[in-house]
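The values are calculated or read from the model by the stated rules, or taken from the named source; none is laboratory data. Predicted model, so just to flag it, every value in this text is computed and none were measured. Reconstructed Cβ throughout: ideal geometry from the backbone, glycine too, with neighbour counts over all protein chains shown. Ligands, DNA and RNA are stripped out before the accessible areas are found, and what is left, the full protein with its side chains, is counted by its heavy atoms. Shrake-Rupley method; radii C 1.70, N 1.55, O 1.52, S 1.80 Å.
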Amino acid sequence: MFPVVIVLTTLLSLGVGMWLSALNVKYRDIRFALPFLVQLWMFVSPVIYPASFLPKQFRWLLWINPMTGIIEAGRASLFGLPFNWTALRLQQQ
């Protein structure tokens, strides 16, 4: 499943990159806010910590991030953990 996760990551990054580049062309001030937003997105993504680290009542905030399902799927495919298919399905809707 790891190659599928890599393809999903690539597609998401291409989509977000094209969307942000179009916004940058339309609104030139996005250029100044973009590094801050990307850095914030990196810290909000559960790369270092698993999604189960957060209490259940705050976990919905984590699932707003589109990278959460992909990161959790990558972690599951690398470490042999059970797949959370719902997390991947939520990102496609």
W41 assigned to a helix (DSSP H, G or I) and closer than 28 Å to P82 by Cα: yes
Picking from M1, M42, M18, the residue that is touching a Ser or Thr at 6+ places or on another chain (Cβ under 8 Å) and open to solvent by 70 Å² or more (accessible area, probe 1.4 Å) would be M1
Six or more apart or on different chains, Cβ under 9 Å: which pairs go from a residue in region 73-86 that's among the aromatic types (F, W, Y) to one that's assigned to a loop (DSSP other than H, G, I, E, B) and modelled with pLDDT under 90? Could you list them? F83/M1
Can you find a residue that is at pLDDT 85 or above and either open to solvent by less than 80 Å² (accessible area, probe 1.4 Å) or in a helix (DSSP H, G or I) (or both) anywhere in region 80-92? yes
Quick one: count up the residues across region 54-79 that are surrounded by 11 or more Cβ atoms within 10 Å (Cβ to Cβ) and either assigned to a helix (DSSP H, G or I) or among the basic types (K, R) (or both). 16
Only unsatisfied item for F2, checking (1) without any contact (Cβ under 8 Å) to a residue 12 or more places away in the chain; (2) farther than 14 Å from M67 by Cα, is (1)
